1. Residues in the stretch 318-325: is at least one assigned to a strand (DSSP E or B), at pLDDT below 95 and aliphatic (A, V, I, L, M)?
2. Residue check, A207 against (1) within 18 Å of the chain's Cα centre (by Cα); (2) surrounded by 20 or more Cβ atoms within 10 Å (Cβ to Cβ); (3) of a type outside the set (S, T, N, Q), all met but one. Which one?
3. Condition test on F96, is it among the aromatic types (F, W, Y), touching a residue at least 24 places away in the same chain (Cβ under 8 Å) and closer than 30 Å to P216 by Cα?
4. Of the residues in the stretch 17-62, how many are farther than 29 Å from E86 by Cβ, touching a helix residue (DSSP H, G or I) at 6+ places or on another chain (Cβ under 6 Å) and small (G, A, S)?
5. Specify which of the listed residues (A310, A333) is modelled with pLDDT of 95 or more, surrounded by fewer than 21 Cβ atoms within 10 Å (Cβ to Cβ), of a type in the set (A, V, I, L, M) and out of contact with any Pro (no Cβ under 9 Å at 6 or more places or on another chain).
6. Can you name the residue in the stretch 171-204 that is of a type in the set (A, V, I, L, M) and surrounded by 14 or more Cβ atoms within 10 Å (Cβ to Cβ) and is also nearest to S282 (Cα to Cα) among such residues?
7. Could you list, in sequence order, all residues of the stretch 24-74 that are surrounded by fewer than 16 Cβ atoms within 10 Å (Cβ to Cβ) and touching a strand residue (DSSP E or B) at 6+ places or on another chain (Cβ under 8 Å)?
8. List the residue pairs whose Cβ atoms are under 8 Å apart, where the first residue sits in the stretch 306-318 and is touching a residue at least 60 places away in the same chain (Cβ under 8 Å), the second is of a type in the set (A, V, I, L, M) and part of a helix (DSSP H, G or I), and the two are 6 or more positions apart or on different chains.
Amino acid sequence: MVTREQFVAELNSEIDKEMDPELLAAQGRLLQRLGLLPPDTDLRKLLVDLNGGSVAAYYRPDTGTFYVIESGKPFGTEEQIYVAHEYTHALQDQHFDLEANRISDPSEGDAALAQLAVIEGDATLTMYLWAYQNLTYQQLLAIALGSLSGTDQATLQNVPPILSRQLLFPYSEGQTFVTQLHDDGGFAAVNEALHRPPASTEQILHADKYAAHEAPISVARPDLIDALGAGWKQVDSEAFGELNMQVFAAGGEQPSQALPGLPGVEWPHSEAAAGWGGDRISMWEGRDGGWVVAWISAWDSAADAEEFGARVNELGPTLGGPVNVKRSGQSDARGPETVTVVFASDATILQKAESALH
């Protein structure tokens, strides 16, 4: 058992150890320029506030220990369910070595989120199976009325959708995905997914793509340094993934139902992100506050590419600068359909980047 203050101190320490502060700050600026975070948002502080105020229990592979955060109330039903969840993580670690197999490359955040969805989905399913066998109807009802992740709903209401969606996804869609695996092949199928996790959030959102082994299309990192000139550097390059694209395509709208991600709860404009094949979003920054973002995405069909491109054009005013969207029709043996989105701090920089890309 630890206090909330002890956990927040530990969380700050882990963020400093695991995340490059310059990269984290750059990722925050990228999300702002995509219209996904308010201007001048401190992403690091937001992450600490969100997780520090919402997490109820956690497991640490490096210590082989799970922790329950003290609530000031007697150890009750909620704490029992947290123990069932975290004990599952301890068992996962024993058999699958969570830390050694964790995707830690910051440029592969989409794959890391998909891996986390299997880990948390398994623990969430298992804790509910345990609960159905061991708790009373009244206790189960109290749990059903709470959040899947133990997250305080008041906290989530004040958090930008891009972060709340990433926080809930491993528990909501993760549980849905793992439950389907369990229904089809029992825990042997779940164990296989822990051993060989889905390669993208697309495979969690669309389990048929995981079953078909539809791997993401590799999108090369563009190089704009020569075109931009001296004083410029690339500050971020990552796979954004279908999940984050859903939030982007929503344009600030959210589902009217609670707990988006559960079966039957649709994310607004999610059709604009469906058909994702792969992507790479990169950002460069230079002198006098100049910046440019190049976002190249591959799509399953011409219709999918056209739908995403059209949605980006609709959302153009929400981006941080002038934007250009170009679609390349190549849905044949030469390669996939692609959409290239370039936006920058001013038109001159945009033109330089476009000339280098095309």
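The values are calculated or read from the model by the stated rules, or taken from the named source; none is laboratory data. Treat the numbers as computed from the prediction; the structure is a model and nothing was measured. All Cβ positions, glycine included, derive from the backbone under ideal geometry; neighbour counts span all protein chains shown.
1. Looking for residues that are assigned to a strand (DSSP E or B), at pLDDT below 95 and aliphatic (A, V, I, L, M), one finds none in the stretch 318-325, hence no.
2. Result: A207 fails condition (2) only.
3. yes
4. Residues meeting the conditions: 2.
5. A310
6. A199
7. Across the stretch 24-74, the qualifying residues are T65, E70.
8. F308/M245; F308/A249; F308/A272; R311/A249; R311/A272; L315/A249
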